1. Can you find, within the range B:181-194, the residue that is nearest to residue B:278 (Cα to Cα) among those that are in contact with a helix residue (DSSP H, G or I) (Cβ under 7 Å, 6 or more places away or on another chain), within 11 Å of chain A (Cβ to nearest Cβ) and buried (at least 24 other Cβ atoms within 10 Å of the Cβ)?
2. Looking for whichever is surrounded by fewer than 21 Cβ atoms within 10 Å (Cβ to Cβ), touching a strand residue (DSSP E or B) at 6+ places or on another chain (Cβ under 9 Å) and within 30 Å of residue B:60 (Cβ to Cβ) here; the options are B:149, B:143. Which one fits?
3. Restricting attention to the range B:164-178, does a residue exist that is within 11 Å of chain A (Cβ to nearest Cβ), surrounded by fewer than 24 Cβ atoms within 10 Å (Cβ to Cβ), within 23 Å of residue A:146 (Cα to Cα) and in contact with a helix residue (DSSP H, G or I) (Cβ under 7 Å, 6 or more places away or on another chain)?
4. Condition first: touching a residue at least 60 places away in the same chain (Cβ under 8 Å), over 12 Å from the mean Cα position of the chain (by Cα) and either within 12 Å of chain A (Cβ to nearest Cβ) or assigned to a helix (DSSP H, G or I) (or both). Now tell me which residues in the range B:118-150 satisfy that.
5. Among B:203, B:212, which is the only one that is surrounded by fewer than 23 Cβ atoms within 10 Å (Cβ to Cβ) and at negative phi?
6. Could you tell me whether residue A:256 is more than 26 Å from residue B:134 (Cβ to Cβ), in contact (Cβ under 8 Å) with a residue 24 or more places away in the chain and surrounded by 19 or more Cβ atoms within 10 Å (Cβ to Cβ)?
7. Here are some conditions: (1) under 30 Å from residue B:58 (Cα atoms); (2) within 30 Å of the chain's Cα centre (by Cα). Residue A:44 meets all but one. Which one does it not meet?
């Protein structure tokens, strides 16, 4: 089973929920940090890293000796990554989406692939928990190709928990797509509610069953709960604001390490998700 | 004219609430919400929309069934597996690269322009605001960010205003890159956590990459004073000016619930003092009147 932990708004507690859930369930769990722009799960998991691999995407390099300046490559490219200006041809590798159109269009065989580094993928473990994260190279604009590569490490034979990026556009869609369940995390504030509506919209477009965790549940107002009720979105957990939790978080500590009684609550959270996914209860 | 971008790397550190508080203090300014993916500034500004425009963010392939002979070439060439066995293009997966359109031997693939969102020019109680809404699950947020910034700049020029205050997106990817180019300075709002520090360093490196001077402030600093000091020292080592601290204060949430800035909710709070100090330094650094 794949559970993707997501939220429209940033900083609502995705990483807190994903890491505490993963550690509470312990053995036979794989945690993927797909928030490649700002990956934070490793700060809480402190995994022993076993492998670090650079991930690249192919971009065109033009052999000017072979190029006839016919302009077909520039014509096919939708991203203005190749431009023909008079007697010069320029390839802007940062704009390239690696669609392969230019290479196929070139009649003179003047384009070959070179690598543009997207970032790194690391693999490690913390006891029985397998940990994988992606870190986008600073300066790289496109996170979805790297997210797809981290996302592809989901293991069908065991539970995979995904820490997704914030937002509702391509990066988060890439991290949620194909999951069996999306666990939305929000806070009960106007910003939290507004962004929850967007996130739920995205989950509904993908047609994935989902549930809600309300973090800092005693701050703000009651409108998130009201909205969850209207939308039949099951509230699976509430985490109150607690200075002890905030301080633990600030030091990179897990709630379940600081307050061990929370472990059972996260196990219960998983049981509820399991029941929904298996269709034992319909939310 | 100056443009200050408020970013954070990590989400939820208080960018939007602080931007709104600055809007209360600033004079002769245009507000710009560049967090088009999950825009929230309007919830505090109650903008009255004056102009509404479609945002067209690229094209999307659509296969014309009457002309398609199901040769399979498009499915083979599509790097996004966006075309299924029945030759339907998944709008979520289509990257808009046009490879299927260009190479289809039957010319059976249409490539209509896609409306991905809307952008607005509005009036607020603090002045004009340019903001946007990217459609759910849409792409091209970077282009929409560039567009709202460009419109904010145009508006500021027309009205002879000195400052654009831009609420930036989280992260370090395409929308953030689109928010940075050509800005006068960035203010990184950091929270005193390991994650906050980690994410600040990445976004600071990005700002350096684009040669935009970066300053920081620590929000909710009293949640971990040791980490606050570490963050401030690290920032200085990296050549960033530390403008000040704002305490953890429920006033932010309470003001947000009422759709107001913290100054309109409780002008005597410690949080307001912290914000005023930081704002004073910003006006000095940017040479604002």
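1. Checking each candidate, the answer is B:189.
2. Only one candidate qualifies: B:143.
3. Yes, the range B:164-178 contains at least one residue that is within 11 Å of chain A (Cβ to nearest Cβ), surrounded by fewer than 24 Cβ atoms within 10 Å (Cβ to Cβ), within 23 Å of residue A:146 (Cα to Cα) and in contact with a helix residue (DSSP H, G or I) (Cβ under 7 Å, 6 or more places away or on another chain).
4. Of everything in the range B:118-150, those that are touching a residue at least 60 places away in the same chain (Cβ under 8 Å), over 12 Å from the mean Cα position of the chain (by Cα) and either within 12 Å of chain A (Cβ to nearest Cβ) or assigned to a helix (DSSP H, G or I) (or both) turn out to be B:138, B:139, B:140.
5. B:212
6. For residue A:256, the condition - more than 26 Å from residue B:134 (Cβ to Cβ), in contact (Cβ under 8 Å) with a residue 24 or more places away in the chain and surrounded by 19 or more Cβ atoms within 10 Å (Cβ to Cβ) - is met.
7. Every condition holds for residue A:44 apart from (1).
One line per residue, one yes/no per condition, for (1) in contact (Cβ under 8 Å) with a residue 24 or more places away in the chain; (2) surrounded by 15 or more Cβ atoms within 10 Å (Cβ to Cβ):
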residue: A:214; (1), (2): yes, yes
residue: A:219; (1), (2): yes, yes
residue: A:229; (1), (2): no, no
residue: A:243; (1), (2): no, no
residue: A:246; (1), (2): no, yes
residue: A:263; (1), (2): yes, yes
residue: A:270; (1), (2): yes, yes
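The values are calculated or read from the model by the stated rules, or taken from the named source; none is laboratory data. What you see is a predicted model; the values in this text were computed from it and never measured. A quick note on method: Cβ atoms are made from the backbone with ideal geometry, for glycine too, and the neighbour counts reach across all protein chains shown.
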